[in-house]
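Structure record follows, encoded as structure tokens.
Readers should treat all values here as calculations from the given coordinates under stated rules, not as data from a laboratory. Fair warning: this is a prediction, and the values are worked out from it, not measured in the lab. Methodologically, a virtual Cβ is constructed for each residue, glycine included, from the backbone with ideal geometry; neighbour enumeration extends over all protein chains shown.
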Amino acid sequence: MTEITLRNRIKKFSLAEVAEKLFSPTTLSDSLAQSFEVSDLVAPKELVKGSEITMTMKRFNFICPAEFEVIELGEDNMTYVQTKGILKSWQHKMRLIQKDEAIELQDHIKYEMPFGIFGHLTNDLYFRAEVKDIFYKRLKALGLR
């Protein structure tokens, strides 16, 4: 199991505005667009605990159907898990904290690679850094960076 914690300070937006950009299914395709080609996105108009999101994600001509479930949702936090996809497991927890004139976004990601030792090697050589890059690009795509 790999765990990554990322912290970013976001200025110029209120906590509610940041939450709207990060926790809304309407911004999901845009937030992933710099890293994945997303198609067949099915999500409710508004997320609640128990909401399910399905999509097809394409990267490097590799197509992967994925399903996620929101397991926690509040004004300043959201956690979702992968219920179907390429990884053995995936959990992403986002937490927003008001700090002075900025919002601190904490992303805590836990995942497990498939394919045994080959998955561990891929994670160490490539995937862990790629996850960090994907989350950075998400902030840029949503205008939060």
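Tabulated data for the structure shown
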item	result
Student exercise, the range 24-85 dipole from Lys, Arg, Asp, Glu Cβ charges, in Debye to nearest 20	260
Globularity ratio of the range 89-132, using Cα Rg and 2.2 N^0.38 Å	1.56
Per DSSP, loop GluC sites (Glu not before Pro) in the range 47-145 with at most 16 further Cβ within 10 Å	GLU75, GLU101
Loop chymotrypsin sites (Phe, Trp or Tyr not before Pro), the range 36-145 (other Cβ atoms within 10 Å of the site Cβ: 15 or fewer; DSSP)	PHE60, PHE115
Size of charge dipole - the range 2-141 - debye, nearest 20, with Cβ of Lys, Arg +1 and Asp, Glu -1, no other charges	340
Normalised contact order of the range 1-140, rounded percent, pairs of Cα under 8 Å and 6 or more residues apart	27
Taking only Cα atoms of the range 15-86, radius of gyration then Dmax in Å	12.3, 37
Principal-axis tilt of helix 128-141 within the chain, Cα atoms, nearest 10 degrees	40
Whole-angstrom gap from the range 127-141 to the range 47-66, using each part's C-alpha centre	16
Given LYS58/LYS99; LYS12/LYS84; LYS49/LYS99, the pairs whose alpha carbons are separated by over 29 Å	LYS58/LYS99; LYS12/LYS84
Relative frequency of Cα-Cα separations exceeding 25 Å in the range 2-141, percent	25
